[in-house]
1. Pull out the extension gain between THR228 and SER27, defined as 0.36 nm times the separation in residues minus the alpha carbon to alpha carbon distance; nm, one decimal.
2. Quick one: Karplus J couplings for the range 254-268, per residue in order, coefficients 6.51, -1.76, 1.60, θ = phi - 60°, nearest Hz, x for Gly and Pro?
3. Stretch ILE78-ASP267 to full length: gain in nm at 0.36 nm per residue minus the Cα-Cα span?
4. State the extension gain, in nm to one decimal, for the chain segment bounded by SER120 and PHE318, taking 0.36 nm per residue of separation less the distance between their alpha-carbons.
5. Over the range 83-178, average the accessible area per residue using a 1.4 Å probe and give it in Å², no decimals.
6. What does the highest-first list of 149-162, 274-287, 244-257 look like by mean Cβ count within 10 Å?
7. Which order do peptides 221-228, 23-30 fall in by mean Cβ count within 10 Å, highest first?
8. Among ASP205, ASP129, what's the order by accessible area (1.4 angstrom probe), most exposed first?
Amino acid sequence: MYELDNSNYFYLLICLPIVFGTYLYWSYWRKKTQKKFADAHLLQQLSPNLSASKPLLKVLLHLLILSSLIIGLVNPQIGTKMETIKREGIDIVFALDVSKSMLAEDVAPNRMDKAKQIVSKIVDQLEADRIGIVAYAGSAFPVLPITTDYNVAKMFLQNINTDMVSSQGTAINEAIDVAATYFDDEDQTNRLLVIISDGEDHSEDGNSAAEKAKELGMKIVTIGVGTTKGERIPIKEKGVILSYLQDKNNEVVITKMNPEVLQNLADITDGQFIVGANTKKVTETFEELLNDIEKSEFETQQISGFQSQFQWFIGLAFFLLLVDIFILERKTEWLKKLNLFNE
């Protein structure tokens, strides 16, 4: 196995044909100019020790030196060692409420954006834990399967919005059921489900789903966004409020955070309820919670460590440069006797 550290330097190889072409033109020009003063036989008599092949040999040597330097800049790396990396952490699935009530602006900028901000900050403090994302309203569906790629997770997180689910409501029971499918039975890691919601309109089916989750070894942490005082749900177009959501009786809906429901879900699985008003406090509380959870080894990877090989090519270039110093353009006496170049 190998890889190239700086493959862009390969563009410098275009210098090789330019240098060789320049040498050919110079040889042609020199011979043409010499013919103006004397023929080839006379020139041979005037400079009997001048080698006809040494200039070509030196040019080829220079090209080899230049090639070695360029390859040294590219820095080929060869995988010559294997390292075993053991990961220890827990599996965390974030279930985000995407119902219309999450558009209320009783927390800045609104409940939905606040929820995504909290999840993003929590992800920033993770190291080796695996994470997944589920979205739910009237139904639940997977957004991101379990992964250790936090950058991808945050990219998917930013695309979550309240238009993802057409059916309204808060089917927390479905969110718990979908989250349960994320956990790998073969790797018995500690399993944590983090529900971020305002807790409004959660059905009693959520309690039975939480009981089932406890049997599967899942712990539920709930984070409440919004206020108990409540707020209207704005209907916007291009950032401008056009009106407020109304019920069937044409009365403006006031949505309130329901901490009792969220607290109850957490208590069933011996989890914890966290008020999401202050993002910093939420992340600090969550960090303390993670520290109290025993980590499990859930992944072992064989990684090929690549070692740089540039020094060999740089060393070869300097060696050839040293050789070039001792190669003169006149004939070498002992080579002259062998007549290898038919001179």
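1. Working: separation 201, 0.36 × 201 = 72.36 nm, distance 9.05 nm.
Length gained, THR228 through SER27: 63.3 nm.
2. Karplus values, whole Hz, x for Gly and Pro: 10, 9, 10, 6, 10, x, 4, 5, 5, 5, 5, 4, 5, 5, 4.
3. Values: separation 189, 0.36 × 189 = 68.04 nm, distance 5.35 nm.
Residue separation times 0.36 nm, minus the Cα-Cα distance, leaves 62.7 nm.
4. Working: separation 198, 0.36 × 198 = 71.28 nm, distance 5.18 nm.
Between SER120 and PHE318, full extension yields an extra 66.1 nm.
5. On the way: 3700 Å² over 96 residues.
Normalised by residue count, the accessible surface of the range 83-178 is 39 Å².
6. Values: 149-162: 14.8, 274-287: 16.4, 244-257: 13.2.
The peptides rank, most packed first, as 274-287, 149-162, 244-257.
7. Values: 221-228: 23.9, 23-30: 11.8.
For the peptides 221-228, 23-30, the packing ranking is 221-228, 23-30.
8. Numbers: ASP205 85, ASP129 10 Å².
Putting ASP205, ASP129 in descending order of accessible area: ASP205, ASP129.
The values are calculated or read from the model by the stated rules, or taken from the named source; none is laboratory data. Predicted model, so just to flag it, every value in this text is computed and none were measured. No Cβ is skipped: glycine too gets one built from the backbone with ideal geometry, and neighbour counts run over all protein chains shown. For the accessible areas, the whole protein counts, side chains as well, though only heavy atoms, and no ligand, DNA or RNA atoms are used. Shrake-Rupley method; radii C 1.70, N 1.55, O 1.52, S 1.80 Å.
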